[in-house]
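Here's the structure we're looking at; comments come further down.
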Amino acid sequence: MAAVEAAPAAEPVASDAAMKDVELGGAPLDGTAPAFSSHTMAAGGSYTLEAKDLSYTVKIKEGKEMKDKTIVHPVNFVIKPKQLLAIMGASGAGKSTLLDILATRIPRSATDGEYLLNGAPVAANFKRLSGYVMQDDALYPLLTVRETLQYAALLRIPNLSRKDKWEVVEDTIRALKLTACADTICGDDRHRGVSGGEKRRVSIGVDIVHQPSIIFLDEPTSGLDSTTALQIVDTLKDICSRDRTIAVTIHQPSSRVFEVFDKVMFMSKGHLVYNGPPSALATHMTPLSKDPLPQFANLSELFLEIVDSYEKSGTVEQLVEHRKEIEKARQRSVSNLEPESTHHEPQHFANNFFAETSILLHRNFVNVLRTPELFFVRIALCCVIGLVLGSVFWNIPGGDEGIGQLAGYSAFVEAFFIFTSLEALPIFLNERSVFAREQGRGAYRLSSFVMANSVVMLPFFFAMALVFTSISFFMVGLSSDNANFIFQVILIFTVLTAGNGFATFVSGIVPDALTGNSAGTAVLAFMFLFSGFFIPASQIPRGWIWLNYISMFRYPFEGLMKSNLDLLPASEADLRQQYLDDYSIDGWNRWGSVGVMLTFTVGWRALFYVALRLKYGSKR
Ligand SMILES: Nc1ncnc2c1ncn2[C@@H]1O[C@H](COP(=O)(O)OP(=O)(O)OP(=O)(O)O)[C@@H](O)[C@H]1O
């Protein structure tokens, strides 16, 4: 994949001067340096993983019956420290499932057999001891490589000063050979950033910056050219040599990549059909092949072809038997390893709730400032809409005609601010992907994420409400009453927070932006219909009235109407009452509308929390 021209970052988290202040442990910068300087290796430790008859069976529906389907048949193997393991096999062979079992992304309770860490059953804290790098790159596109790793370090490394964390980041940048693009943004479809291979390495960096002792990577080279793939596997090998235990799944590696691995395991239809070093594969497969092995063939490809022929003839069991026979000859179990007394116990989370929230808040804040659609475009829109509405509803007259216009103005304002909240869905969905990856390995609490996510936009929303009201309020000539102006700023602010809360909740439950936009718009359209603007509450059929109560549009509409109707002179008291009755506007105080919108804001956030808890709580 070709590197693309990169855009510079706007504002790094730490100044270059601050970076230069950091002593780099005397490590040369030419790529021959150890992956991590010695004093940042604190989180290390030697870990041997062992599977004993480890298997995974699920229940599937076949016709009307539920049947067992074994995805991974009982496997036995050992992965030692400093050993780079590749799990290979054709599509559907069970590679990802096996990796998920090893990474405990599939709960232990769902698997059979034993899974041991240094001879003892893996414990609940295993996820924090290990790192898991997903196949997709879920990164904030507008943060630079260095910033991305700095936030990851702040969130994931416990008990180190900020200076030391920055040093770890610099070590990671060097180890992953990202020095040349450290100040380039990660980028996405719309923003040019680092190349595909570099992005992969950043993703790996995010998940290993806390230097987990055990690292799992799902297809770290997928979609990359063979040279970039080799660079990545070489980098992993380098990291592995620092006493790490690393397992990756990989699809058809080139010969050079294949030879970098210390150990490979081939899967076929959920069975383990080869377990050994790449160098022993030729000998292993010679008796399985009808023809002599070609001299310069890609051995892994050749073996996959042989496996495929056994799969087609339904004789995979023969491959398993062949492996067992060979293994018997050289097997030396490490199952008698004593549980280590020095077993590394990572602490629960690297930071407390408040520290975590403030780091996430900072990252979100930088992200909002750099994502024009989230604030600058919307503030420009507030000015334009304020001016357009101001000229359309210029100096609303008193009397009957004026009140009709006021209703139109109020309905449009709330509709505009609530409907446009959905525009941020793609950005929220990207944040959800980043969250899924980070929270999946115990980087921070869900509550911190939701809290930071809820708070970060508040100052921006207040600025939007202030700008819009300052323009439209006086042009429309609502009233010169200061209290009414302040009320409208606050009401529009709460409309924005509630709309944003709704959009965030939608982003928590939908699979993609298209579905979210369609479903979200449909729900909002219904809520708008039952706001009381189109059909007064008194005329809504009984069976539908509940929609009027839960309509987010009802309360700001009533609040805006009431705050302006209340200012009519005493001579127009009858007219005022007539309109309150016509629109079935309750007799409560206008501040009640603000209270209800705040309740919506908190409610949507709470539902967002629950949605994420259910979605990412303990599932694979
Ligand atoms: N929860 C499940 N229920 C039913 N079938 C499942 C489940 N999980 C995995 N499978 C099936 O098990 C098989 C192995 O899946 P897995 O994702 O591990 O394959 P893979 O080797 O990683 O394939 P690929 O390279 O295409 O990603 C597939 O046929 C898949 O459809």
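The values are calculated or read from the model by the stated rules, or taken from the named source; none is laboratory data. Remember, it's a predicted structure, so these values are computed and weren't measured experimentally. Quick reminder, even Gly has a Cβ in these numbers, built from the backbone with ideal geometry, and neighbours come from all protein chains shown. Keep in mind that these areas ignore ligands, DNA and RNA; they rest on the heavy atoms of the full protein, side chains included. Shrake-Rupley method; radii C 1.70, N 1.55, O 1.52, S 1.80 Å.
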Being open to solvent by 20 Å² or more (accessible area, probe 1.4 Å), closer than 18 Å to F600 by Cβ and in a helix (DSSP H, G or I), is that true of even one residue in region 501-514?
-> yes
Could you list all residues from region 116-150 that are at pLDDT 90 or above and in contact with a Pro (Cβ under 7 Å, 6 or more places away or on another chain)?
-> T144, R146, E147
Residues located in region 180-232, provided they are under 19 Å from the mean Cα position of the chain (by Cα) and within 16 Å of the ligand (Cβ to nearest atom) = F216, L217, D218, E219, P220
Examine region 123-130 for a residue that is small (G, A, S), open to solvent by 40 Å² or more (accessible area, probe 1.4 Å), within 16 Å of the ligand (Cβ to nearest atom) and over 25 Å from A175 (Cβ atoms), and state whether such a residue exists.
-> no
Which pairs have Cβ atoms under 8 Å, sit 6 or more apart or on different chains, and link a residue in region 61-75 that is in contact (Cβ under 8 Å) with a residue 12 or more places away in the chain to one that is within 12 Å of the ligand (Cβ to nearest atom) and open to solvent by 80 Å² or more (accessible area, probe 1.4 Å)?
-> K69/K59
Can you confirm whether region 330-352 contains a residue that is open to solvent by less than 80 Å² (accessible area, probe 1.4 Å) and at pLDDT 85 or above?
-> no
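For every residue, the table says whether it meets (1) surrounded by fewer than 20 Cβ atoms within 10 Å (Cβ to Cβ); (2) in a helix (DSSP H, G or I).
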site	(1), (2)
M527	yes, yes
I535	yes, no
I545	yes, yes
S551	no, no
F557	no, yes
S563	no, yes
At least 3 residues that are hydroxyl-bearing (S, T, Y) in each: list the helices (runs of 4 or more DSSP H) lying fully within region 387-462 that qualify.
-> 446-455
Considering each residue of region 87-122, count those that are crowded, with 20+ Cβ neighbours inside 10 Å, within 15 Å of the ligand (Cβ to nearest atom) and in a loop (DSSP other than H, G, I, E, B), and give that number.
-> 5
Going by the structure shown, is L129 in contact with a strand residue (DSSP E or B) (Cβ under 9 Å, 6 or more places away or on another chain), touching a residue at least 12 places away in the same chain (Cβ under 8 Å) and more than 27 Å from F365 (Cβ to Cβ)?
-> yes
The listed residue being at negative phi, within 16 Å of the ligand (Cβ to nearest atom) and modelled with pLDDT of 90 or more, out of L84, L54, L49 | L54
Counting only residues that are of a type in the set (S, T, N, Q), away from the ligand (no atom under 16 Å from the Cβ) and under 24 Å from S55 (Cα atoms), how many does region 242-274 have?
-> 1
Is it true that E327 is surrounded by 13 or more Cβ atoms within 10 Å (Cβ to Cβ), at negative phi and in contact (Cβ under 8 Å) with a residue 60 or more places away in the chain?
-> no
Residues of region 132-148 that turn out to be within 15 Å of the chain's Cα centre (by Cα), of a type outside the set (V, I, T) and not in a loop (DSSP other than H, G, I, E, B), as a count | 1
Does A380 count as open to solvent by less than 60 Å² (accessible area, probe 1.4 Å), at pLDDT 90 or above, more than 16 Å from F474 (Cβ to Cβ) and assigned by TED's automatic domain parsing to the domain that holds T469?
-> yes
Sole exception among (1) surrounded by fewer than 19 Cβ atoms within 10 Å (Cβ to Cβ); (2) under 29 Å from the mean Cα position of the chain (by Cα) for K69, by number = (2)
Output the qualifying pairs, or none if there are none: Cβ atoms under 8 angstrom, residues six or more apart or on different chains, first residue in region 208-234 and open to solvent by 10 Å² or more (accessible area, probe 1.4 Å), second residue part of a strand (DSSP E or B) and within 16 Å of the ligand (Cβ to nearest atom).
-> D218/Y132; D218/V133; D218/V248; D218/T249; E219/V248; E219/T249
